[in-house]
Amino acid sequence: MAGANAVKGRFLKFPGVLGTAITKVFNLYVARTGLTEKQARDEGFKPVSATIKTRTTAHYYPGGVQINIKMTMDESSGRILGVQIIGPDRLVAGYIDTAAALIGKGATIDDVFFADLSYAPPTAPVWHPLITAARVLSKGKY
């Protein structure tokens, strides 16, 4: 940023980072973005979280596996603060990248629930896992 601003005479503002990361531990992909529930509490938010177990494919499509998603939001504003995902399918990477993009834009629980995420039997159940997590986190609002 500093170099681009100095050389090009621009004013670019660094938006910060969410700490998005993914690694593979034995046969599991482990991914995170944003704040954990504890980090959110430590930063002064009023976090609430939901954890879901879901499949990576439609129930009738062969080859799907179970993944676990934890989504945390600020109770006061409804803003999504963080997501963690674990599972044996590389789709975890795509899901965490989608979550990072939403969080990076300040998405609320409503924004995630109404996100126009694709449906294809080999890549997600009818309700995309991130939308399902938002639905559970909303505690029956949807």
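The values are calculated or read from the model by the stated rules, or taken from the named source; none is laboratory data. Remember, predicted model here, so these are calculated numbers, not experimental data. No Cβ is skipped: glycine too gets one built from the backbone with ideal geometry, and neighbour counts run over all protein chains shown.
Numbers below:
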{"item": "Some residue of the range 92-101 being modelled with pLDDT of 95 or more, closer than 18 Å to SER49 by Cβ and surrounded by fewer than 15 Cβ atoms within 10 Å (Cβ to Cβ)", "result": "no"}
{"item": "Of all residues in the range 116-135 being assigned to a loop (DSSP other than H, G, I, E, B), out of contact with any Ser or Thr (no Cβ under 8 Å at 6 or more places or on another chain) and of a type in the set (A, V, I, L, M), the one that is nearest to THR51 (Cα to Cα)", "result": "VAL126"}
{"item": "Breaking point among (1) within 12 Å of the chain's Cα centre (by Cα); (2) closer than 14 Å to PRO129 by Cβ, for LEU18", "result": "(2)"}
{"item": "Subset of the range 60-74 that is surrounded by 13 or more Cβ atoms within 10 Å (Cβ to Cβ) and of a type outside the set (A, V, I, L, M) - its residue that is farthest from the chain's Cα centre (by Cα)", "result": "TYR61"}
{"item": "Single condition ARG32 does not satisfy, out of (1) under 26 Å from GLY140 (Cβ atoms); (2) under 14 Å from the mean Cα position of the chain (by Cα); (3) of a type outside the set (Ser, Thr, Tyr)", "result": "(1)"}
{"item": "Failed criterion for ARG32 (all others in (1) modelled with pLDDT of 95 or more; (2) under 16 Å from ILE131 (Cβ atoms); (3) touching a helix residue (DSSP H, G or I) at 6+ places or on another chain (Cβ under 8 Å) hold)", "result": "(2)"}
{"item": "Tally of residues being surrounded by 13 or more Cβ atoms within 10 Å (Cβ to Cβ) and either under 16 Å from THR56 (Cα atoms) or free of Cβ contacts under 8 Å to residues at least 40 places away in the same chain (or both) across the range 124-141", "result": "11"}
{"item": "Tally of residues being crowded, with 20+ Cβ neighbours inside 10 Å and touching a residue at least 60 places away in the same chain (Cβ under 8 Å) across the range 102-123", "result": "1"}
{"item": "Meets criteria (outside any loop (DSSP other than H, G, I, E, B), within 24 Å of SER118 (Cα to Cα), in contact (Cβ under 8 Å) with a residue 60 or more places away in the chain and in contact with a Phe, Trp or Tyr (Cβ under 9 Å, 6 or more places away or on another chain)) for ILE22", "result": "yes"}
{"item": "Unmet criterion (only one of (1) under 22 Å from ASP97 (Cβ atoms); (2) surrounded by 13 or more Cβ atoms within 10 Å (Cβ to Cβ)) for GLY16", "result": "(2)"}
{"item": "Hits in the range 31-48 (condition: over 11 Å from VAL83 (Cα atoms) and either aromatic (Phe, Trp, Tyr) or surrounded by 13 or more Cβ atoms within 10 Å (Cβ to Cβ) (or both))", "result": "GLN39, ALA40, ARG41, PHE45, PRO47, VAL48"}
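Yes or no, residue by residue, for (1) in contact (Cβ under 8 Å) with a residue 60 or more places away in the chain; (2) assigned to a strand (DSSP E or B); (3) under 17 Å from ALA133 (Cα atoms):
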{"site": "PHE45", "(1), (2), (3)": "no, no, no"}
{"site": "ALA50", "(1), (2), (3)": "yes, yes, yes"}
{"site": "ILE69", "(1), (2), (3)": "yes, yes, yes"}
{"site": "LEU81", "(1), (2), (3)": "no, yes, yes"}
{"site": "ILE85", "(1), (2), (3)": "no, yes, yes"}
